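J.: Just passing along the structure, written as structure tokens.
What follows draws every value from the coordinates through simple rules; no lab data is involved. On a predicted model such as this, the values are computed, not experimentally measured, just so you know. In this analysis, Cβ positions are derived from the backbone assuming ideal geometry, glycine residues included, and neighbour counts consider all displayed protein chains.
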Amino acid sequence: MCVCGKKYVTKAKKVVAYLLFTTQCATIFAMKGIIITNQYDHSTTQSKKVLRMTCELEQLGVEVTVLSACQAMAYLHQGNTTCPVDADFVLYFDKDKYNAQMLEQCGLRLFNSSSATELCDDKMLTHIALANCGIPMPTTISAPLCYVAGSQPSKEFLQKVEQTLGFPLVAKQCFGSFGEQVYLVNNREELLQTYTKLMAVPHIYQQFVAESRGKDMRVIVIGNKVVCGMIRYSDSDFRSNIERGGRATSVQVPQDIANMCEQASKVLGLDYCGIDVLLGEQPTICEVNSNAMFAAMESVTGVNVAKAYAQHIVNSVKNSK
Ligand SMILES: Nc1ncnc2c1ncn2[C@@H]1O[C@H](COP(=O)(O)OP(=O)(O)OP(=O)(O)O)[C@@H](O)[C@H]1O
Ligand SMILES: [Mg+2]
């Protein structure tokens with residue numbers, strides 16, 4: 001009898017053992033799936049996520065092949081897109097929009113789709129896509145893109161940021177994770193320093209939600225339905241990321257936040273995401289992660305996120321046939 005669905009584990013060794021065990025039970029494969037990982041991401045968290053999803057998909061009768069981006073690299077030849085792989089679906093754990101789009105051109109169904117992944121990878125694109133849909137977000141200004149090497153910071157822009165947002169404010173690079181490219185800017189001098197440092201990269205300035213300092217809610221949404229949530233806290237940093245020392249506790253996601261997250265997931269066209277909600281007087285969407293890790297969420301809430309995602313993938317593929 002197969003044990004994989006009974007209980008999830010966080011220790012890599014145990015997961016490997018479970019995986020070996022499950023290969024013995026999932027003998028009849030009804031579906032073929034490929035998991036594509038980023039060529040350069042060899043992190044343990046990513047490997048664990050791949051193992052968890054492999055395990056749960058196999059339980060549902062999916063034959064899973066794990067490939068690096070290079071092993072599954074589509075390319076253009078004689079004016080046509082050529083793909084080296086075929087399957088009923090691709091679980092795309094990369095963020096490379098080029099390969100994602102070409103794989104879709106070859107008729108592959110990606111989870112998440114290339115357009116959803118692209119929108120979520122860039123924080124400003126996410127905010128723009130969510131705008132005018134009744135979804136609350138902090139006031140956000142995108143820094144003018146700078147294409148001229150050696151340019152001086154624009155005083156006009158800095159004044160605009162200060163007048164609109166006041167201090168402190170938050171600066172973020174459009175591309176980044178784990179809170180690493182997110183900064184708290186306390187005064188005019190720090191603003192000039194930050195802008196000078198970030199001018200050449202796409203970045204945004206955002207209203208600092210003071211009530212949410214060192215605290216936010218991470219919500220997992222699968223198939224446009226909230227699956228679970230946790231509150232993340234930090235005593236030492238305005239960023240609540242677990243990777244920066246934050247702690248987490250399980251939470252029953254309140255209805256208004258659940259509605260907001262489900263709507264955001266629909267607008268962005270996501271199958272799976274982790275949404276960060278800032279807990280101000282009115283909850284606001286901080287960012288949407290299309291490739292959110294789920295190990296911490298599973299251990300804090302006890303919810304089998306991997307199983308829920310695997311089930312969503314299998315149902316979606318079956319329903320599309
Ligand atoms: N406008 C804001 N006001 C208050 N706190 C904020 C604001 N924006 C971000 N934060 C804090 O900083 C953390 C990191 O910000 P954000 O989620 O945008 O960046 P990230 O690096 O992409 O994180 P992730 O690893 O979740 O992708 C948030 O979880 C939140 O605690
Ligand atoms: Mg975040």
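J.: Label 7 Å along Cα→Cβ of residue 106; region 64-88 residues with amide nitrogen under 13 Å?
T.: 67-77, 80-88
J.: Could you calculate the contour length gain from residue 247 to residue 71, that is, 0.36 nm times the residue separation minus the distance between their Cα atoms, to one decimal place in nm?
T.: Working: separation 176, 0.36 × 176 = 63.36 nm, distance 3.71 nm.
Separation in residues times 0.36 nm, less the Cα-Cα distance, equals 59.6 nm.
J.: Same structure again: State whether region 140-208 is rounded, prolate or oblate according to the following rule on the C-alpha gyration tensor (a ≥ b ≥ c being the square roots of its eigenvalues): a/c under 1.5 gives rounded; otherwise a/b larger than b/c gives prolate, and the remaining case gives oblate.
T.: Oblate.
J.: Follow-up. Kindly put 298, 243, 190 in sequence by how many other C-beta atoms sit within 10 Å of each C-beta, fewest to most.
T.: 243, 190, 298
J.: Between residue 98 and residue 128, what is the label-point separation in nm under the 7 Å Cα-to-beta-carbon projection?
T.: According to this spin-label approximation, the distance is 2.1 nm.
J.: Tell me, in nm to one decimal, what length is gained between residue 233 and residue 43 on full extension, where the rule is 0.36 nm per residue of separation less the Cα-Cα distance?
T.: Details: separation 190, 0.36 × 190 = 68.40 nm, distance 2.41 nm.
Going from the current span to full extension adds 66.0 nm.
J.: Starting at the first residue of region 270-279, write each ³J(HN,Hα) from the Karplus equation 6.51 cos²θ - 1.76 cosθ + 1.60 with θ = phi - 60°, in whole Hz, x for Gly and Pro.
T.: With coefficients 6.51, -1.76 and 1.60, one gets 8, 8, 9, 6, x, 9, 9, 10, 7, 9 Hz.
J.: Any chance you could run the full-extension gain for residue 146 through residue 299? It's 0.36 nm times the residue separation minus the Cα-Cα distance, nm to one decimal. Each step should come with its number before you reach the end.
T.: Working: separation 153, 0.36 × 153 = 55.08 nm, distance 4.30 nm.
Extra length from residue 146 to residue 299 when fully extended: 50.8 nm.
J.: Put a dot 7 Å past each Cα toward the Cβ at residue 192 and residue 86; how far apart are the dots in nm?
T.: For the pair residue 86/residue 192, the computed spacing is 6.3 nm.
J.: Listed here are the pairs 123/197; 225/318; 95/160; 123/155; 48/321; which of them are more than 27 Å apart at the Cα?
T.: Table pairs above 27 Å Cα-Cα are 95/160; 48/321.
J.: Over the chain, what is the relative contact order in percent, taking alpha-carbon pairs closer than 8 angstrom and at least six residues apart? Write out the running numbers ahead of the final one.
T.: Details: 589 pairs, mean separation 53.9, N = 321.
Relative contact order, the chain: 17 percent.
J.: Next question. For each of 174, 70, count neighbouring Cβ atoms within 10 Å of the residue's Cβ, then give the residues from fewest to most.
T.: Starting with the residue having the fewest Cβ neighbours, the order is 70, 174.
J.: At a Förster distance of 35 Å, what's the computed FRET efficiency of residue 255 paired with residue 78, Cβ-Cβ distance as r, to 0.05?
T.: Rounded to the nearest 0.05, the efficiency is 0.05.
J.: Then there is this: Assuming a ≥ b ≥ c are the square roots of the Cα gyration tensor eigenvalues, decide whether region 211-290 counts as rounded (a/c under 1.5), prolate (otherwise, with a/b larger than b/c) or oblate.
T.: It is prolate, given that a/c is not under 1.5 and a/b is the larger ratio.
J.: Taking every DSSP beta bridge with both residues inside the chain, roughly what % is antiparallel (nearest 5)? Before the final figure, lay out the partial values.
T.: Working: 41 of 55 bridges.
Bridges in the chain that DSSP calls antiparallel: roughly 75 percent.
J.: Just to be sure I follow: if Rg is taken over the C-alpha atoms of the chain and Rh is the Kirkwood radius over the same atoms, what is Rg/Rh?
T.: Value, to two decimals: 0.99.
J.: In addition: Is the shape of region 47-137 rounded, prolate or oblate, going by the alpha carbon gyration tensor and its root eigenvalues a ≥ b ≥ c, with a/c under 1.5 for rounded and a/b larger than b/c for prolate?
T.: Taking the square roots of the gyration eigenvalues as a ≥ b ≥ c, region 47-137 is oblate.
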